[in-house]
Each structure stands twice: as C-alpha cells, then as structure tokens.
Amino acid sequence: MKITKNYPLGDNAEKEHILACLSPAPSNAKIIETAARMAAAFDGDFTALYVQTPEFAVISDADKKRLEAHIKLAESKGAEITTVYGDDVSYQIAEFARLSAVTKIVIGRSNTARRHFWNKPALTERLASLAPNLDIHIIPDSSSESKYHVNKKLFSHYLLPTVRDLMTTLFFLAAATCIGQLFLNRGFTEANIITVYILGVLLTSLFTKSHACSFISSLASVLIFNFFFTEPRLTLHAYEPGYPVTFAIMLIASLITGSLANKLKDHAKQSAQSAFRTKVLFETNQLLQKAEDDSDIINITASQLLKLLDRDITVYPETDGKLSKGYLFETDEAATDRRALAAFHEKSVAEWVFIHNKRAGAMTDQFGDARCLYLAIRINNKVYGVVGIYIGSKTLDSFEYSMVLSILGECALAIENSRNAAAKEKAAVLAKNEQLRANLLRSISHDLRTPLTSISGNAGNLLSNYDKLDADTRMQMFTDIYDDSMWLISLVENLLSVTRIEEGRMNLNTNAELIDDVIEEALKHIDRKSSEHHIKVDIKDELMLAKMDVKLIMQVIINIVDNAVKYTQKGSVITVSARKKESLIYVCISDDGPGIPDRMKPQVFKMFFTGENQIADSRRSLGLGLCLCRSIINAHGGEITLTDNKPHGCVFTFTLPSEEVKINE
C-alpha cells in the first residue's frame, strides 16, 4: 500500500502518535524506516513495539540478532522502545495502541494468502477488526515467506520431551490407571474413570515443559482405557458400537484440556516475569527517592539490576566531568576472571561510551568482543556514569533491555535531582551568607557613624578650642570620647568572637571558677550608663563552682546586662542571681523594663535582630550580643533561654556545668 508524505496538519490538530511493530523479519527495517519518516512528517511521537510470545524462547540466534538490530535501528530513529508479553500479537498491539493514544500503526504483511476458512486469520486482518478506528499502514513483506517463516521449524524444540518429562507422563498415566482399576472394583461407572484420565492429562500438562507430553498423555489415555476398561479387556478391541464415539470424545477432551493447561502455564509464567520486573522497577523508583547522595543512588541501581538480571554489574560513576574508577557488584563470590575483566581491562570501552554517549561492548558493533554491554546513565546529552552488564553466552532479551534502560533512566533522573537539590542548597547558603554580609555592612555603616562622628567632633573641638573650654566641659568631652571608644571596642570584640565561634576556631580555656567572683568582675565593665539603673546581685551560696572560660562568660554577662541598661527606662532594677540545681548552675539576669513581645522572643538570639525599642543615645545595637551569648553558652554545653519577669520585664537564664568544691586538708 502506497503512503504519501504530504500530511496536512491544522493548527488545532491533535499530535500524531506513530506505532511501528517490531519483529525479527528481514523486512522489518523497511517498516521502521517508513514509520520514522511518518513521525518526522507529522512531527509526532514515535514508538516501536515488540510483542514477545512464548515462541521467542526457541527462535534462532540469527533471528535474535536481527531483532536486536531492528531495535537499535528504531532507537537511532528516535523511537521509544516498548516490549509487551502475550501470545495473541494482534490483541496486544491493539490494546497498547488504545492505552497509549496511538493514531497510526505501521506493520508488515507477507504475500501469503489465507488458504482455507478454518485457517487462523492473518495478523493484519485481525488487527483491523480489533482496532477499526486506527489508521493501519501495511508494508508488503514478500521476502518473509522464504527467509523468516522457515525458522518456525525451531518450534519443534518445544515438542521434543526430555526423559524427565516422559517419566512424569508415565507416572500420571500409571496413577490414573491404578485409580481407574480401584473405581472399577468399587463399581464406579466408566465416566468416572474417563474423568480420572482427563485429570491425568491436565496434571501432565502442568508438570512437564514439553507440549508434546499432553498429546502423548491424551492418546495414551484413550488406548489404556480401551485396553484395561472396555470389553474385551486386555485387548484393543471394543464390542460396544458406541465406544469409538466415546474414545473420540475422550481424545478431543484430553487434547483441549492439555492445550488449555499449556496456555495457562505459559500465561502464568509470563505474568510472573512481568510482575517481578514491574515490582523491581517500582521498588527502584521508591528506593531512589530515599537516596541521600550519588553513592546511594549508584548502589541502589546496581542492586536492582542484579536482582533483575542476575548478572555481574560494573558501574563507573562520573566525577567532575570524568569517569571515575569502576565498582563491581557480583552475583557470586567466585567471579575471578569476570572481576578482573569487567572492572579493569574493559574500562576503555566504558570511557568510549562516556565520551560518545552511545552503547558499546557485547551485543553491539562497537567493541563487540567485550564481555560486558556498556550503557550510559544519561538524560539527553548529560552522562552521569556508565554501567557494564556481563553478557557471557546468554544475551539480554528485548524486555530485559528495555527494563535496564528504564532503570538507568530513573538512576540518571535521581542523580540529576540530587545534584540540583545540592546546588540549590549551596546557593541558598551562599545567598544567606551574602545577606548576612550585606546586613552587617549596612548595620556597621549606619551604626558606627554616630560614635565615630562624636569622637571626631569632640577631638576636633578639643584641638581647636582646648584653652577656651573650662575644665568641666573638657572632662565631659573626654568622657564622651572614652564611652564611644569603649562601645566600638565592645562591638569589635563581639564581631571577632562570633566569627571565631561560628567557624569553630575558638578554643575554650575552661577551669573551675567561683560564679560570684565572675559576676562581680563582669559588672565592673558595664556601660557607664548603668549608674542610672539599680543593679543588684543575689547569690545565697558563695561557694558555687562552675566549669567555664572566665573571659567568655564575663562577656555573656556584660552583653545581657548592657542590653538591660540600654532597653529599660531610667531607674529600673536589674538583678543578677545564681543558684545550683543538681549538676548545673543557673545564672539569671532579670529586669523590670517593658519586656519583649511574645512574637519577637524566637528571634532575639538571631544575628542582627535588634527589636523595636529605641535607644536613648540614638545608637542602635547590631544585634550581635545575644547571638554571641548563645554561641558561647552552647560551646560550654549549656543552654540560654528568655522568659517573662512578672509583672513586666525579661529574664535571661543560662546554665553552666557545676564543679564540686574540693577541700585540701
């Protein structure tokens, strides 16, 4: 049938989906070429379908190689390869076309005509009846009669029983005869005995591999029944005129029973294989979703391929744009020659696959003498590694090959998603660091302007008008310069301490120290503004020892008390207390100021958080003090918390590990 290339498509036309039917027939390449041209002309999807029937197990090696060549040809034309199982090829093609929204089917047909009405309808005739709404393009196949169907003789291998099958057949025939003799002695009718023999045929079909055994069992059952259970017994003669009809019905029933049993057995085998492979693919998807990094993804993929193929697997992951060393996943412990060959000597083949993004090795034209088939773990033009599958004497069938490609596609997608997630996380960290750096620079540039302006202004005024200023004015200006300088020094110390702690560069110099001495020393370095507030110390037990770095803990106390001085009204009461509970010492710093709203409490220990309270001297804190306090306390193995001070105010509490008082006598 002639197919034109001019396919007019409207703007609203649905996208075409072209289906090419694969087979080992020599002319199948012509079918693939035609379907590819149609897909290109329509700018549609292109799928190549192979229906694997039970006869696939007995086709010749030449036909298998030809089928593999057709699959590779379809791949090179941009087709998506799909394999389905079934013994009714027409029905499988029609169902796949219906479920996959196929619009056009391209299939081959030989010139052999249907000779008799009882012959099985041709594939194309049955397909046309099963899919009447699809465009079926039939490519004549004049060469298939002489070159391809001759291979059907190999089906005779299905008919040659093994010794084990013959012994199984004889066992069921003997068992049926013994049961029949028992039924005869008990007075059962001949119909019951016939049923026993039919059951024997059914069991023979189920427990033997050769289809010939069911035929042998059917024929032998009729002869044995005639020999042992019809008059005259122990002969093949029959007196009753109705016995020939009985024998014919018995033979037909046995043959039908055996044939149906064989079909059910084949279907069960195919269903079990398909279910197993589908389960492997589903498990692969689930496991890959839980993988944490590239190493996990590679291990999961190799394990699933081992489970699916039961063959040694070699994986060469991609690292920094190059192929790294191979990892061998074995089916057994004694693969000495394969281990050396697959993991080392054939890496050059894997390198070629990685560079050219094409398969190579066994079953291919490129490095065909290799022991392994090498496939790229890829998405489009991006290759994330190479997988080697040990082939040996048994090649991969088309369904196994398509499953391997699906698993490798899932692997590549998982690696790409994992790397994208890592890149996003890294970008988020960089963005956060940049934001912190921008906040720091903005805060420093804004908040340092006031004290620096005050220092430079007062210093310039003193230089220019020192003799004109009275002693009290000069002292006030010196005091302001000193206060602003100390504020800047405190700021720089906090910045350096936060940097060292966050980078893990601060080494704690811990010793057992009296907590009241540390608090007393820290309060000596409080901002001069503290004279406008009432600071009290409440420590009942004067012999409380804590394991601490004195300098850092003093900085914690200074920062918290300075905050209380800055953010509370004049005349407020600030209380520093300490108590021991079990193995911890709790230090509490409370004030009776306006407090901190509940919505802000989770933010107070974050860097650059300054709250909403205004500072009387127009300076703003950079929000480093409490962040530094948390880092220092965490480094000591303690915890710092913020609670309300009833009826108003705040309470900052931090813990330190306590030390026992040792008295030397």
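The values are calculated or read from the model by the stated rules, or taken from the named source; none is laboratory data. Everything numeric here is computed off the predicted structure, so don't read it as measured data. Ideal geometry is used to build each Cβ from the backbone, glycine not excepted, and the neighbour counts take in all protein chains shown. Surface areas here come from the heavy atoms of the whole protein model, side chains and all, with no ligands, DNA or RNA. Shrake-Rupley method; radii C 1.70, N 1.55, O 1.52, S 1.80 Å.
Can we say ALA220 is open to solvent by 30 Å² or more (accessible area, probe 1.4 Å) and either modelled with pLDDT of 75 or more or assigned to a loop (DSSP other than H, G, I, E, B) (or both)? Even if it seems obvious, please write down each step before you answer.
Working: open to solvent by 30 Å² or more (accessible area, probe 1.4 Å): no; either modelled with pLDDT of 75 or more or assigned to a loop (DSSP other than H, G, I, E, B) (or both): yes.
So ALA220 does not fit the description; no.
Six or more apart or on different chains, Cβ under 6 Å: which pairs go from a residue in the stretch 29-40 that's on the phi < 0 side of the Ramachandran plot to one that's assigned to a helix (DSSP H, G or I) and open to solvent by less than 10 Å² (accessible area, probe 1.4 Å)? Could you list them?
The qualifying pairs are ILE32/ALA74.
Kindly list the number of the only condition in (1) at pLDDT below 85; (2) closer than 24 Å to ALA69 by Cβ that fails for PHE344.
Answer for PHE344: the failing condition is (2).
If you go through the stretch 473-482 one residue at a time, do you hit one that is basic (Lys, Arg), at pLDDT 85 or above and surrounded by 13 or more Cβ atoms within 10 Å (Cβ to Cβ)? Step through it out loud before you land on a result.
Of all residues in the stretch 473-482, those basic (Lys, Arg) come to 474.
Within this subset, residues satisfying the condition of being at pLDDT 85 or above are 474.
Okay, now just the ones that are also surrounded by 13 or more Cβ atoms within 10 Å (Cβ to Cβ), so 474.
Yes, that holds for at least one residue.
Return the pair list, or none, for Cβ contacts closer than 7 Å from residues in the stretch 69-90 that are at negative phi to residues that are at pLDDT 80 or above and among the hydroxyl-bearing types (Ser, Thr, Tyr), at least 6 apart or on different chains.
Partner pairs satisfying both residue conditions: ALA79/THR47; GLU80/THR47; THR82/THR47; THR83/TYR50.
Could you list, in sequence order, the residues of the stretch 180-204 that are open to solvent by 70 Å² or more (accessible area, probe 1.4 Å), in a helix (DSSP H, G or I) and among the β-branched types (Val, Ile, Thr)?
THR195, the sole residue that qualifies.
Based on this model, can you work out whether THR47 counts as within 23 Å of ASP88 (Cα to Cα) and at pLDDT 90 or above?
On the way: within 23 Å of ASP88 (Cα to Cα): yes; at pLDDT 90 or above: yes.
For THR47, the condition - within 23 Å of ASP88 (Cα to Cα) and at pLDDT 90 or above - is met.
Considering only the stretch 392-426, state which residues are open to solvent by 10 Å² or more (accessible area, probe 1.4 Å) and in a loop (DSSP other than H, G, I, E, B).
Across the stretch 392-426, the qualifying residues are GLY392, SER393, LYS394, THR395, ASP397.
Output the number of the condition that LYS325 fails; it satisfies all remaining conditions of (1) under 23 Å from GLY86 (Cα atoms); (2) exposed (fewer than 14 other Cβ atoms within 10 Å of the Cβ); (3) touching a Lys or Arg at 6+ places or on another chain (Cβ under 9 Å).
Among (1) under 23 Å from GLY86 (Cα atoms); (2) exposed (fewer than 14 other Cβ atoms within 10 Å of the Cβ); (3) touching a Lys or Arg at 6+ places or on another chain (Cβ under 9 Å), the lone unmet condition for LYS325 is (1).
ILE249 passes all but one of (1) under 22 Å from GLU190 (Cα atoms); (2) modelled with pLDDT of 75 or more; (3) open to solvent by 40 Å² or more (accessible area, probe 1.4 Å); which number fails?
Every listed condition holds for ILE249 apart from (2).
Residue-by-condition table, conditions (1) loosely packed, with under 12 Cβ neighbours inside 10 Å; (2) touching a residue at least 40 places away in the same chain (Cβ under 8 Å); (3) aliphatic (A, V, I, L, M):
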site	(1), (2), (3)
LEU264	no, no, yes
SER274	no, yes, no
THR278	yes, no, no
GLN286	yes, no, no
ALA291	no, yes, yes
ASP294	no, yes, no
SER303	no, no, no
LYS307	no, no, no
THR314	no, yes, no
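Could you list all residues from the stretch 70-105 that are among the basic types (Lys, Arg) and in contact with a strand residue (DSSP E or B) (Cβ under 6 Å, 6 or more places away or on another chain)?
The one that is among the basic types (Lys, Arg) and in contact with a strand residue (DSSP E or B) (Cβ under 6 Å, 6 or more places away or on another chain): LYS104.
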